[in-house]
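The values are calculated or read from the model by the stated rules, or taken from the named source; none is laboratory data. The model shown is predicted, which means the values in this text are computed figures rather than measured ones. Using ideal geometry, Cβ is built from the backbone for each residue, glycine included, and neighbour counts are taken over all protein chains shown.
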Amino acid sequence: MRDVLPQQSSLWQFLESRVAAVLAAYGYREIRMPILEMTELFKRSIGEVTDIVEKEMYTFEDRNGDSLTLRPEGTAGCVRAAMEHGLLHNQTQRLWYQGPMFRHERPQKGRYRQFHQIGVETFGMDGPDIDAEVILITARIWAALEIPGLELQINTLGSPDERAAYRTELVAYFESHGEMLDEDSRRRLITNPLRILDSKNEDMREMLDAAPALMNYLGEESKSHFELVCDTLQKAGVHYVVNPRLVRGLDYYSRTVFEWVTDRLGAQGTVCAGGRYDGLVEQLGGKPVPAVGFAMGLERLVAILEETNPAAAESAVDVFLVLQGDSAMREGLVLAEQIRDALPGITLVSNCGGGSMKAQFKRADRSGAKYALVLGDAELADGAVVLKPLRSDEQQISVKRDELLVALNSRLAG
């Protein structure tokens, strides 16, 4: 787990605000769930025989003896909240959330034991149109963040019945090549054989490439659903690659699944993943409700932004107020409030704690401010303020107090 320091937080704020603006433009509303949930929720949703539940969750008993878990992902909690508050009965929902998740994994670049996600969950819509919409949202988010070079990989898992028939054939195929399976794959052969297809073990690549293809087990309805999603993306100008080995690790997924991947982060190449999970609400005790969603990892996106768009982290300070003397200090703080009232949205930092003019200008420079306003005894006597550019070759000027707002506004607007 790690701290996000002030010099890094502006990049996080840029990311979070841009994503929130895109989601609002599509009519998605924020939901906020607790970080702690009953452990049983994740056992029922993720599955007891998974690495997440068996090895990675932070689980403990509280004073009442209840087993609680720090959420390892957001979907289960969002579904629980929607069921608990009656959001799923005869209605559709477009929801999003953000916040920390927790998994006890081996830390590496882009992967931490406390990590942050923005997630989107939709409920009550079973057509391919909503599958396409959530993917189009992600494409628009990358444009808003000015992140280039991400690749969209998509696949379909078909219906549960189709996948069950395929699973039977796949297990038989892997058992016939048992000597080629690594330790992880032998374990997954019992718990989730489809995940073997996603193995990164190059020694198994040729055997995996020759495995039965799920597409051959799909009925016309599943194929048509996937084709409509692909056709919509193509017409919208979103490039994609069909990856028949792309699977989700949880049984409640069905039909469309997708990932956005990058080669900038080493082994942790997935920055966003999602798909359709029509079986989860019923699995958690509700009536069947179609659902589609995705989650994006903020640490990984921030790491990309640090490389591709570092300007997004630059200070947004507009003005630093340099104050010399007790009278200037009192008058200056009042002036700062007047400026904030007249120019909403301006970022103005007042020098506090005294200091020489030289020391204050050093602080002004470190703040990244575009301009300094200088107020001392001479300026007070003259009814003026010195406006000094800090990031350009403009000449500093002395401005009368009643003309300051116009002068400041014109320069910041320019």
Number of the exception - residue 237 against (1) loosely packed, with under 13 Cβ neighbours inside 10 Å; (2) at negative phi
(2)
For the range 59-105, how many residues meet the condition of being within 24 Å of the chain's Cα centre (by Cα), surrounded by fewer than 16 Cβ atoms within 10 Å (Cβ to Cβ) and under 15 Å from residue 34 (Cβ atoms)?
1
Could you list, ordered by first residue, the pairs with Cβ atoms under 6 Å in which the first is in the range 126-142 and in contact (Cβ under 8 Å) with a residue 40 or more places away in the chain and the second is in a helix (DSSP H, G or I) and crowded, with 21+ Cβ neighbours inside 10 Å, at least 6 apart or interchain?
128/225; 128/229; 131/229; 132/229; 141/19
Restricting attention to the range 367-378, the residues that are farther than 17 Å from residue 355 by Cβ and either in contact with a Ser or Thr (Cβ under 8 Å, 6 or more places away or on another chain) or of a type in the set (D, E, K, R) (or both) number exactly 2
Among residues of the range 106-138 being surrounded by fewer than 19 Cβ atoms within 10 Å (Cβ to Cβ) and closer than 15 Å to residue 271 by Cα, the residue modelled with the highest pLDDT is 112
Among (1) without any contact (Cβ under 8 Å) to a residue 24 or more places away in the chain; (2) surrounded by 13 or more Cβ atoms within 10 Å (Cβ to Cβ); (3) under 22 Å from residue 278 (Cα atoms), the one test that residue 44 misses
(1)
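So, in the range 346-369, of the ones that are under 17 Å from residue 407 (Cβ atoms) and modelled with pLDDT under 90, which residue ends up surrounded by the most Cβ atoms within 10 Å (Cβ to Cβ)? Lay out the reasoning, then the answer.
If we filter the range 346-369 for residues that are under 17 Å from residue 407 (Cβ atoms), which is where we start, we get 346, 348, 369.
Imposing the further condition that a residue be modelled with pLDDT under 90 reduces the set to 346, 369.
On the way: 346: 16, 369: 23.
Per the stated criteria, the residue is 369.
Among the residues of the range 188-203, what is the count of those that are part of a loop (DSSP other than H, G, I, E, B) and more than 14 Å from residue 253 (Cβ to Cβ)? Before you say what the answer is, go through the steps one by one.
Looking only at the range 188-203, we keep the residues that are part of a loop (DSSP other than H, G, I, E, B), and these are 192, 199-201.
Filter once more, so that each one left must be more than 14 Å from residue 253 (Cβ to Cβ): 199-201.
Of the residues in the range 188-203, 3 are part of a loop (DSSP other than H, G, I, E, B) and more than 14 Å from residue 253 (Cβ to Cβ).
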What is the number of the single condition among (1) surrounded by 18 or more Cβ atoms within 10 Å (Cβ to Cβ); (2) small (Gly, Ala, Ser); (3) modelled with pLDDT under 85 that residue 178 does not meet?
(1)
